[in-house]
Amino acid sequence: MTELRLVELSAATIVAVNNLSLKSGQEQFLAPVSYGIAATVVNPQTAWQRVIVDGDEVVGFVSANFDQDAPEEHFRSVLWRINVDADDQGRGVGRFAVESLIAEAVKRSFHHLDVIYEAGDGGPEAFFRRVGFEPVGETEYAEVIAEIRF
């Protein structure tokens, strides 16, 4: 792995982001990438989306929202989506994305980061726990709300 870095989502990277592959069974836990990208249109002042590249190769995508005025605490500093290409999972790309997102949250004066996910075999829970998120609640749809404080 060369040096991972974040770049802005752009016309040059969006096709590669849309073509990130998943491991078998992961698709049930992830809405299409276009849903996450649409958040920028809906919340352009608060949405934060970055493409993760390794050299010249797109290996991941991370999307978050930072909104001090969100009515629910868990939506003020929230990781909405993280995709790492199937071939690049297990190499530290996801951890890099979360660490970068935490740095952005700190820069914006937040002291926590939340994530909401669906529990289940093959789902993202093990990853989120490994990088420091702890479950703190549940949504009305029985999704897990987890947070990491810093």
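The values are calculated or read from the model by the stated rules, or taken from the named source; none is laboratory data. Treat the numbers as computed from the prediction; the structure is a model and nothing was measured. Here the Cβ is made from the backbone with ideal geometry for all residues, glycine too, and neighbour counts use every protein chain on show.
Where in region 18-137 are there helices (runs of 4 or more DSSP H), lying wholly inside it, with at least 1 residues that are of a type in the set (Phe, Trp, Tyr), modelled with pLDDT of 95 or more and surrounded by 13 or more Cβ atoms within 10 Å (Cβ to Cβ)?
Working: elements: 33-42, 93-107, 125-130.
Of the helices (runs of 4 or more DSSP H) lying wholly inside region 18-137, those with at least 1 residues that are of a type in the set (Phe, Trp, Tyr), modelled with pLDDT of 95 or more and surrounded by 13 or more Cβ atoms within 10 Å (Cβ to Cβ) span 93-107, 125-130.
Can you confirm whether region 61-77 contains a residue that is out of contact with any Phe, Trp or Tyr (no Cβ under 9 Å at 6 or more places or on another chain) and closer than 20 Å to Leu9 by Cα?
Of region 61-77, the ones out of contact with any Phe, Trp or Tyr (no Cβ under 9 Å at 6 or more places or on another chain) are 61, 69-75.
From the residues that got through so far, the ones that are closer than 20 Å to Leu9 by Cα too are 61.
Yes, region 61-77 has at least one match.
Has region 101-116 got at least one residue that is within 29 Å of Ser10 (Cα to Cα), among the polar types (S, T, N, Q) and out of contact with any strand residue (DSSP E or B) (no Cβ under 9 Å at 6 or more places or on another chain)?
Within region 101-116, one or more residues are within 29 Å of Ser10 (Cα to Cα), among the polar types (S, T, N, Q) and out of contact with any strand residue (DSSP E or B) (no Cβ under 9 Å at 6 or more places or on another chain).
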